Amino acid sequence: MIQSMTGFGKSITQLPSKKVTVEIKSLNSKNLDVNARIPSQYREKELQLRNTISKSLTRGKVDFSLYVEVTGEETTASVNRGVVKNYMQQLKSIVDGDEIELLKMAVRMPDAVTTEREEIDESEFKAIEDAVIEALEEINQFRKDEGEALEKDLKLRVNNIEALLQEVLRIDPERVDAVKERLRKGIADLKENVDENRFEQELVYYIEKFDITEEKVRLENHLAYFNESINSPDSNGRKLGFISQEMGREINTIGSKSNYAPMQQLVVQMKDELEKIKEQLLNVL
């Protein structure tokens, strides 16, 4: 089953004095590209969190956000009393104002509030890791659900190409007859007598030159291989992309050989379906 590279996962965990929110969003990308937004006190654990993400998400542009909101009475910030008093005294020497107003000004000055670096509690970080894993499970389920929709559309497009190919083969005899008629008319316009045997030899050569049997067989094989690969247990967007390129080569060759307007119209429709397949494959994991 194929999976989409687009997804979103979110997990909220309530700790005794903190609320932890984890959000993971992914878009399509050739490789895994993780952009992490983590509070400064957890930076030392960033590599560990990145490894957890990379084990679960193999490709995609991933935005990982960790938000920690203090909900209890704990705080790592404290007022630096000595610094604040010193600021107030300096302000008083400049202007004789109300002490409340001077205090408001002083606490906005540099170093008025200090923040102590809080050591990471292992049980707290374990809860954060569990939240990340939960968000990863959610985004992977999102990717699978999106993959099911992609799979249905891709199979529809492949079936459409197969149907158009069968229509090409159905009108191929008409094309051969049209070529014969066109050659005969060209000779008649020249008012030249030609040797019928020689004419038939040239006609056979001309028709063989524009024969599409080999392209038809290869394209049918590519279509079958595409369906086989899309039904495999692993999602492999790159592999499907390579197969679609081979499909395109055969469709282009059929178009260059067709030399018949009704067949060329069918080839244009096949190319349109293939372009839609390629667009969808950009988002397949």
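The values are calculated or read from the model by the stated rules, or taken from the named source; none is laboratory data. Nothing here was measured: the structure is a model prediction, and the numbers come from that model. Backbone-built Cβ (ideal geometry, glycine too); neighbour counts: all protein chains shown. All accessible areas refer to the heavy atoms of the entire protein, side chains included, with ligands and DNA or RNA removed. Shrake-Rupley method; radii C 1.70, N 1.55, O 1.52, S 1.80 Å.
Accessible surface for the chain, divided over its residues, is 60 Å² per residue with a 1.4 Å probe. Calculated [222 nm] ellipticity per residue, helices only, for the chain: -21500 deg cm²/dmol; basis is -39500 (n - 2.57) per DSSP H run with n ≥ 4, divided by all residues, nearest 500.
Inter-label distance, Arg249 to Val176: 2.7 nm, where each label sits 7 Å from its Cα along the C-beta direction. Spacing of the modelled spin labels on Asp96 and Lys55, each 7 Å from Cα toward Cβ, amounts to 7.0 nm.
Using a 1.4 angstrom probe on heavy atoms only, work out the carbon and sulfur share of the accessible area of the chain in %. For the chain, the apolar C and S fraction of the accessible surface comes to 49 percent. Membrane-span-like helices of the chain, defined as complete DSSP H segments with a Cα extent of 27 Å or more along the helix axis and a mean Kyte hydropathy of at least -0.5, are absent.
Which of these, Asp145, Asp98, Asp211, has the largest mean-square fluctuation under a Gaussian network model of the chain (Cα springs below 10 Å)? Largest GNM mean-square fluctuation: Asp98.
When +1 charges are put on Lys and Arg Cβ atoms and -1 charges on Asp and Glu Cβ atoms, the dipole computed for the chain relative to its Cα centre reaches about 520 debye.
Cα centroids of segment 225-256 and segment 142-186: 15 Å apart. The longest stretch of the chain left intact once loop-based trypsin sites (Lys or Arg not before Pro) with at most 10 other Cβ atoms within 10 Å are removed from consideration, loops following DSSP, is 1-107. Amide H to amide H distances under 5 Å link Val34 with Val62, where only residues 5 or more positions off or on other chains count and H is placed in the peptide plane.
Less than 16 Å from a label point 7 Å out along the Cα-to-Cβ axis of Lys257: which backbone N atoms in segment 156-183 qualify, by residue? Only 165-177, 179 fall inside the zone, counting backbone N under 16 Å.
Extension gain, Ser29-Ser17: 0.36 nm per intervening residue step, less the Cα-Cα distance, totals 0.5 nm. Placing pseudo-labels 7 Å out from each Cα toward the beta carbon at Thr213 and Lys10 gives an inter-label distance of 6.2 nm.
For GluC sites (Glu not before Pro), the sites in segment 1-89 that DSSP calls loop and that have at most 14 other Cβ atoms within 10 Å are Glu73, Glu74.
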